[in-house]
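The values are calculated or read from the model by the stated rules, or taken from the named source; none is laboratory data. Because the structure is a prediction, the values reported are computed rather than measured. Cβ sites come from the backbone with ideal geometry, for glycine too, and all protein chains shown count toward neighbours.
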Amino acid sequence: MLGLKLPTDPRWVNLAEKDLEEILTDHAFCEQKAATSCISLIQQYPDKKELVKRVAPIVTEEWGHFRQVLLEMEKRGLDLGRQRKDEYVNELLKFEKKGIGREERLLEKLLICALIEARSCERFRLLSLHIAEEDLKEFYHRFMVSEAGHYRLFLDLAMQYFDEEKVKKRWQEYLAYEAEVMKKLELRGDRMH
């Protein structure tokens with residue numbers, strides 16, 4: 001469904017559950033950054049009425065996710081740690097075309113957002129299936145379903161605003177690049193990506 005070229009190593013779940021405080025902290029900040037990215041899209045493209053209409057509710061949803069993760073941490077007596085650099089996202093941003101016009105930048109931004117949501121969805125699925133705690137399985141299942149919808153929304157917007165063949169071609173380039181990024185990144189249990 002997601003089209004990712006390289007699945008996450010299943011051992012990632014075992015690493016993640018060794019220190020829930022770390023993975024939940026990173027998850028919380030990923031949700032906060034997702035809300036911020038959506039706000040930025042709206043600020044940069046207020047003339048794209050369909051984009052504004054469809055992305056605005058995601059801002060609220062992602063911020064709600066941030067709050068849900070905070071509540072889960074509070075329930076467990078865990079503290080929100082410090083935000084760390086997201087090496088995965090930084091690597092994706094290196095692939096973004098530079099020196100292009102405003103319209104072309106929108107395609108790049110939508111595809112990057114879709115890719116981040118797809119990888120998040122894949123990771124949440126792994127957690128929902130394999131993490132030892134039953135409560136966390138359900139917790140992450142809800143996030144998986146939400147991220148799958150976001151992934152589709154960003155791709156749908158790209159298809160709406162750009163030629164379908166162009167979108168498909170660039171999406172395949174991003175998927176191939178992302179697989180190479182995943183190969184070279186260290187498998188870490190304290191990061192969502």
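Here are some notes:
- Some residue of region 88-109 being of a type in the set (Asp, Glu), surrounded by 17 or more Cβ atoms within 10 Å (Cβ to Cβ) and either at pLDDT below 95 or outside any helix (DSSP H, G or I) (or both): no
- Pair list, Cβ < 8 Å and 6+ apart or interchain, from region 46-73 residues that are among the hydrophobic types (A, V, I, L, M, F, W, C) to residues that are at pLDDT 95 or above and not in a helix (DSSP H, G or I): Leu51/Tyr45; Val52/Tyr45; Val52/Pro46
- Verdict on Lys168 being free of Cβ contacts under 8 Å to residues at least 12 places away in the same chain, part of a helix (DSSP H, G or I), within 18 Å of Gly3 (Cβ to Cβ) and of a type in the set (D, E, K, R): yes
- Selection count where residues are more than 14 Å from the chain's Cα centre (by Cα), surrounded by 16 or more Cβ atoms within 10 Å (Cβ to Cβ) and either assigned to a loop (DSSP other than H, G, I, E, B) or of a type in the set (Val, Ile, Thr) (or both), scope region 55-80: 3
Okay, residues lined up against (1) among the hydrophobic types (A, V, I, L, M, F, W, C); (2) in contact with an Asp or Glu (Cβ under 6 Å, 6 or more places away or on another chain):
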| site | (1), (2) |
| --- | --- |
| Phe29 | yes, no |
| Lys49 | no, no |
| His65 | no, yes |
| Glu72 | no, no |
| Glu87 | no, no |
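- Every pair of residues 6+ apart whose Cβ atoms lie under 9 Å, when the first sits in region 148-165 and is closer than 12 Å to Ile116 by Cα while the second is among the hydroxyl-bearing types (Ser, Thr, Tyr) and surrounded by 19 or more Cβ atoms within 10 Å (Cβ to Cβ): His150/Ser120; Tyr151/Ser120
- Residue satisfying all of: in region 12-41; out of contact with any Leu (no Cβ under 7 Å at 6 or more places or on another chain) and of a type in the set (D, E, K, R); nearest to Ile112 (Cα to Cα) among these: Lys33
- Residue within region 22-36 that is over 20 Å from Arg142 (Cα atoms), at pLDDT 95 or above and in a helix (DSSP H, G or I) present: yes
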